[in-house]
1. Mind checking whether some residue in segment 338-346 is in contact (Cβ under 8 Å) with a residue 24 or more places away in the chain, buried (at least 20 other Cβ atoms within 10 Å of the Cβ), touching a strand residue (DSSP E or B) at 6+ places or on another chain (Cβ under 8 Å) and not in a helix (DSSP H, G or I)?
2. Being surrounded by fewer than 16 Cβ atoms within 10 Å (Cβ to Cβ) and in contact with a helix residue (DSSP H, G or I) (Cβ under 7 Å, 6 or more places away or on another chain), is that true of even one residue in segment 112-131?
3. Considering segment 276-303 alone, what residues qualify as being touching a helix residue (DSSP H, G or I) at 6+ places or on another chain (Cβ under 8 Å), farther than 16 Å from residue 218 by Cα and part of a loop (DSSP other than H, G, I, E, B)?
4. Could you count how many residues in segment 165-177 are under 18 Å from residue 270 (Cβ atoms) and surrounded by fewer than 21 Cβ atoms within 10 Å (Cβ to Cβ)?
5. Condition test on residue 178, is it at pLDDT 95 or above, more than 23 Å from residue 20 (Cα to Cα) and under 16 Å from the mean Cα position of the chain (by Cα)?
6. Show me the strands (runs of 3 or more DSSP E) entirely contained within segment 8-89 in which 1 or more residues are surrounded by fewer than 20 Cβ atoms within 10 Å (Cβ to Cβ).
């Protein structure tokens, strides 16, 4: 078993949950969570990490010196990233490249020097948005639905598989993540480390500080809980665009399986998401939030699409299910209820 596990982005939503979960599963392992605390709310996870027995290290993966941990690292779980698909517009292209690409290169260099294994949290945004948006849909009562019998490699009624074409624009966020994937493949081949790439869809659950450009399901529940305004944006402004969502605990359980058998997935790329059964449109999310909170909001409407947006995205988990006998256990209702219960416990509108 790994003795020293470094989790980058360790105070973020995904990284902190993974760190706390793995410390429970592997209590003798030394878990180190490294984070630069740039994203608001991440500092609130420090006490939680330390209470769980996870060591916290304030550092930035863009700075090589910050990765001089001072002890041998056996496994790196690379969760750090600028998660907003709009960051190259709202912040800058240079920032996205430095954070998502240069930072990961520094992590790979650490893995090479330490002979550490590597799990990379990539994204479904590596797939070109124009190709996915070009898949034909039909409008149902509460959501948009992909039409049947469309001839497209990597697409089926189950959703988007890893064989889906990578050719075409995908946002700078997606492009940097795909660049990282290509480099990881080379490091695995050339430097005798084991590595797995997980292309995650929407992850949701407690401790996610949902915002407009990422964490949409947490954002939707938060606004219903605190009775704050919302808007349906794009695709006619009806709220019928669809995403699958995955409970953070389901992701943690998958990572535990991968850590327990790195050889099985070594060098492979997996799509990881909730799948069709665990998917929601924004309209359906509104109805579910109303049912859980008892609060009903007026939802504004904007017809124009945002950059890089998609009418439907659903993950085909077939490959990861075959290799690790894994499937999501928690329903969409469970995910939204868990977010609600967490908001009740915090009792503050600081997110």
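1. No: segment 338-346 contains no residue that is in contact (Cβ under 8 Å) with a residue 24 or more places away in the chain, buried (at least 20 other Cβ atoms within 10 Å of the Cβ), touching a strand residue (DSSP E or B) at 6+ places or on another chain (Cβ under 8 Å) and not in a helix (DSSP H, G or I).
2. yes
3. 296, 303
4. The number of residues fulfilling the criteria is 2.
5. Spelling it out, residue 178 is indeed at pLDDT 95 or above, more than 23 Å from residue 20 (Cα to Cα) and under 16 Å from the mean Cα position of the chain (by Cα).
6. 30-35, 55-58
The values are calculated or read from the model by the stated rules, or taken from the named source; none is laboratory data. Because the structure is predicted, anything quoted here is derived from the model rather than measured. Don't worry about glycine lacking a Cβ; one is built from the backbone with ideal geometry, like all the others, and counts go over all protein chains shown.
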